[in-house]
Structures are given as C-alpha cells and as structure tokens.
Amino acid sequence: QVQLVESRGGLVQAGGSLRLSCAASGSIFSGNVMGWYRQAPGKQRELVATITSGGKTNYADSVKGRFTISRDNAKNTVYLQMNSLKPEDTAVYYCKYSTFTQYYWGQGTQVTVSS
C-alpha cells in the first residue's frame, strides 16, 4: 500500500502562482512514476504532468511553459510549480503514484483561479 498526502491548493488570481506537493509513504518502489492530474467540473480527469524516478518529465500541452514538475526521491515527494495561472486551470488536482503493477491516487486538492 502507498499513501499520498497532498498539500492544500487554494484561490489565486489569474497570472499568479501556486505550488503543490505530494508526499508518498508506505511500500515505495524505486522505479515509479509520480504525477499530477486534474478534473474540472463536468470534465474528465486529465493529465497535467508526470515525472519518472529518473527525472524524465511529460507535460500536457496546455501547461507547457507554465508548470514545472519536480521530485525529491529522498523524500518521495513530487512538486508542481504552477505559474501564469489561468481561470481554465481551475480544477481539483490529484497526485498519482504508479509502477508497472499498481497505482494510487491522492485525495485531491482544489485549485481555483479567479479572473
């Protein structure tokens, strides 16, 4: 079992910044992928960004150049730095931990961007 604890999101004005973190604990496998997904009201959950334990990153086109994902393997923690936020970034953001054989989700944290 793996537990994921996300930091609180928040309310920010358009153009502002916010940083999310997600700490994993439990039966951590070194070869894992951690990432962030989001779900806006009435929409499907979508990929925001992922990062492998080796540091390889992948971003949704909608956040490229604005969001940066990083991780601290010693702390089993992944971060999402969100800059130049837009109202369309408003969503519940979920952390995900995955390996070849299993995956776990965080509880989700609300990010609201006001125009």
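The values are calculated or read from the model by the stated rules, or taken from the named source; none is laboratory data. Remember, it's a predicted structure, so these values are computed and weren't measured experimentally. Heads up, the Cβs are rebuilt from the backbone with ideal geometry, glycines too, and the neighbour counts pull from every protein chain shown. Heavy atoms of the whole protein, side chains included, go into the accessibility calculation; ligands, DNA and RNA do not. Shrake-Rupley method; radii C 1.70, N 1.55, O 1.52, S 1.80 Å.
If you go through region 3-38 and keep only what is over 16 Å from the mean Cα position of the chain (by Cα), among the hydrophobic types (A, V, I, L, M, F, W, C) and not in a loop (DSSP other than H, G, I, E, B), you end up with Leu11, Val12. When the residues of region 74-88 are filtered to those that are in contact (Cβ under 8 Å) with a residue 40 or more places away in the chain and within 24 Å of Tyr104 (Cβ to Cβ), the one that is surrounded by the most Cβ atoms within 10 Å (Cβ to Cβ) is Val78. Scanning region 44-62 for residues that are touching a residue at least 40 places away in the same chain (Cβ under 8 Å) and either open to solvent by 70 Å² or more (accessible area, probe 1.4 Å) or touching an Asp or Glu at 6+ places or on another chain (Cβ under 7 Å) (or both) turns up just one, Arg45. Counting the residues of region 63-72 that are without any contact (Cβ under 8 Å) to a residue 24 or more places away in the chain and within 23 Å of Gly31 (Cβ to Cβ) gives 3.
Going by the structure shown, is Thr112 in contact (Cβ under 8 Å) with a residue 24 or more places away in the chain, open to solvent by 10 Å² or more (accessible area, probe 1.4 Å), more than 17 Å from Gln3 (Cα to Cα) and not charged (D, E, K, R)?
Details: in contact (Cβ under 8 Å) with a residue 24 or more places away in the chain: yes; open to solvent by 10 Å² or more (accessible area, probe 1.4 Å): yes; more than 17 Å from Gln3 (Cα to Cα): yes; not charged (D, E, K, R): yes.
Judged against the criteria, Thr112 is a match.
Scanning region 11-26 turns up at least one residue that is within 17 Å of Tyr104 (Cβ to Cβ), open to solvent by 20 Å² or more (accessible area, probe 1.4 Å) and in contact with a Ser or Thr (Cβ under 7 Å, 6 or more places away or on another chain).
When region 89-109 is limited to residues that are open to solvent by 50 Å² or more (accessible area, probe 1.4 Å) and hydrophobic (A, V, I, L, M, F, W, C), the one that is farthest from Tyr37 (Cα to Cα) turns out to be Phe100.
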